[in-house]
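First up is the structure itself, then whatever we jot down about it.
The values are calculated or read from the model by the stated rules, or taken from the named source; none is laboratory data. The shown structure was predicted, so the numbers you read here are calculated from the model rather than taken from an experiment. Ideal geometry is used to build each Cβ from the backbone, glycine not excepted, and the neighbour counts take in all protein chains shown. Heads up: the accessible areas ignore ligands, DNA and RNA and are worked out on the full protein's heavy atoms, side chains in. Shrake-Rupley method; radii C 1.70, N 1.55, O 1.52, S 1.80 Å.
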Amino acid sequence: MRTRLTDLAEQAGVSTATVSRVLNGKHGVSTQARQAVLAALDVLGYERPEKLRTRSAGLVGLVVPELSNPVFPAFAQVIESMLTERGFTPLLCTQSPGGTTEDQYVEMLLEHGVAGIVFVSGLHADTSASKDRYHRLRALGMPFVLVNGFAEGVDAPSVSTDDAAALDQSFRHLISLGHRRIGLAIGPERFIPAARKRSEFAANLERHLGITDPSPHVYSTLFTVEGGQAAALELIASGHTAIICGSDLMALGAIRGARAQGLSVPGDVSVVGFDDSKLIAFTDPPLTTVRQPVLAMGHAAVSALVAEINGTPASRIELKFHPELVVRGSTGAVPGLEAALSAVAEPAAH
């Protein structure tokens, strides 16, 4: 075997250690080096080990939630495109209620011998889910990256939108429009992005309005249109004139909820979303929302994964990307403010 390793290493232009890692199906070898070793096997007439015959070092798993929320296809498209540019073939794994689970997809990806995995808003973002699945992947030497949902203690690169900054931008925008009864429609707090937004919302209530108990101003529900509608009905009933939502789908539901009460948006209620996927600018009214920097985040996630695949550990410090408030037609001055300003200005005109 010693001679064989030496011959292969010389033919491939790599070290014998690299040859050994390739032959044993280990990770931490660059795609170029792996391909060179496989080519050397063929050139020197050696039979490829069984485990390498179906293994493709160029495969990368991309695990995302259901695609009904437009932001997930947006992340998938960006990450797939960047993986392809780097010479990898992405395997898209989408989840749906009652369908294939994240763990089942991971087993399938391991069987296919993928070089790495990108998890977008997966179980890593759920504080109630066990992190053992990720520790196991690390123990197997499988490179992976987590997107949106920092998992404390998991040895992997992590890329997220700055949820606190997103909430802060939304709140300040509504305050500038005169709103003082501002509500939050958010998903279950066990999800890290939701918990972070809720925490920043509480901080803004106290900072700007002197409110120390956020509970009456927060409605926790599902990240869906129906969830947003239910939240809006509750928050409007309790006197809120503006609603910050945890996703654009929730925001569209909140608008539907306001209209079901005979109210107009933004005339009676202002609504702010979060994500800004491509079609959101064409809703009625066009939605004011906070844009996730999907392109920059996708680039960072792929760069970190490729570095890990090539044996160069990426930073374990969570990379937080600053979002951007996009003001459109679903937010306006607090009801009665313009009339009050006109009344104040009217006597001066005489």
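For the chain, modelled as a GNM with alpha-carbon contacts under 10 angstrom, which of VAL64, VAL43, VAL225 fluctuates the most? It is VAL43. Taking each residue as 0.36 nm, the span from ARG4 to HIS112 lengthens on full extension beyond its C-alpha to C-alpha distance by 36.2 nm. Summing charges over neighbours of TYR105, with a neighbour being any other residue whose Cβ is under 15 Å away from its Cβ, gives -3 when K and R count +1 and D and E count -1. Across the chain, C-alpha contacts under 8 Å between residues 6 or more apart give a mean separation that, scaled by the residue count, equals a relative contact order of 17 percent.
Under the convention that each Lys and Arg Cβ holds +1 and each Asp and Glu Cβ holds -1, the size of the dipole of the chain around its Cα centre is about 720 debye. A simple packing score, the average count of other Cβ atoms within 10 Å per residue, orders the peptides 314-322, 190-198 as 190-198, 314-322, with the highest score first.
Farthest towards the positive end of the charge dipole of the chain, among the residues THR312, THR161, GLN35, is the Cα of GLN35, using unit charges on the Cβ of Lys, Arg, Asp and Glu.
Size descriptor for the stretch 122-186, Kirkwood hydrodynamic radius: 14.3 Å (Cα pairs only, one decimal). Which listed residue (LEU23, GLY99, GLN11) has the Cα farthest towards the positive end of the charge dipole for the stretch 1-125, taking +1 on Lys and Arg C-beta and -1 on Asp and Glu C-beta about the Cα centre? Highest projection toward the positive end goes to GLN11. Look at the alpha carbon pairs under 8 Å that are at least 6 residues apart: their mean separation over the length of the stretch 73-173 gives a relative contact order of 19 percent.
Each Lys or Arg adds one and each Asp or Glu takes one away; over the other residues whose Cβ falls under 15 Å from the Cβ of LEU295, this sums to -3. Relative to the longest principal axis of the chain, what angle (0 to 90°, nearest 10) does the C-alpha long axis of helix 248-260 take? With both axes taken from Cα atoms, the answer is about 30 degrees.
For Cα Rg over 2.2 N^0.38 Å, the value computed from the atomic coordinates appears in the list [x] 1.24; [y] 0.99; [z] 1.03 under label [x]. As a fraction of the 1.4 Å probe accessible area of the chain, surface on carbon and sulfur atoms comes out at 55 percent.
Listed by chain and number, the aspartates and glutamates placed with their C-alpha closer than 12 angstrom to that of LYS197 are ASP162, ASP163, ASP168, GLU189; residues fewer than eight positions away on the same chain are left out.
Computed over the stretch 228-294, relative contact order equals 31 percent, with contacts defined as Cα pairs under 8 Å that lie 6+ residues apart. Within the shell of other residues whose beta carbon sits under 14 angstrom from the beta carbon of ALA237, the net charge comes to -1, with Lys and Arg scored +1 and Asp and Glu -1. The trypsin sites (Lys or Arg not before Pro) of the stretch 1-30 meeting both criteria, a DSSP state outside H, G, I, E and B (loop) and at most 16 other C-beta atoms within 10 angstrom of the site's C-beta, are LYS26. In the chain, with Lys and Arg counted as +1 and Asp and Glu as -1 at Cβ, which of these residues, VAL218, PRO143, VAL294, has the Cα nearest the positive end of the dipole, that is, farthest along it? Projecting each Cα onto the dipole axis, the largest value belongs to PRO143.
The distance from the alpha carbon centre of the stretch 149-198 to that of the stretch 248-318 is 11 Å, rounded to a whole number. The helix-based estimate of mean residue ellipticity at 222 nm for the chain, built from -39,500 (n - 2.57) per DSSP H run of four or more residues and divided by its residue count, is -14000 deg cm²/dmol to the nearest 500. Label-to-label distance, LEU67 versus ARG172, with points set 7 angstrom from Cα along the beta-carbon direction: 3.7 nm. Compute the long axis of helix 31-43 from its Cα atoms, compare it with the longest principal axis of the Cα atoms of the chain, and write down the angle in degrees, 0 to 90, nearest 10. On a 0 to 90 degree scale, this one is about 30. Taking the C-alpha atoms only, the angle from helix 225-237 to the longest principal axis of the chain is near 30 degrees.
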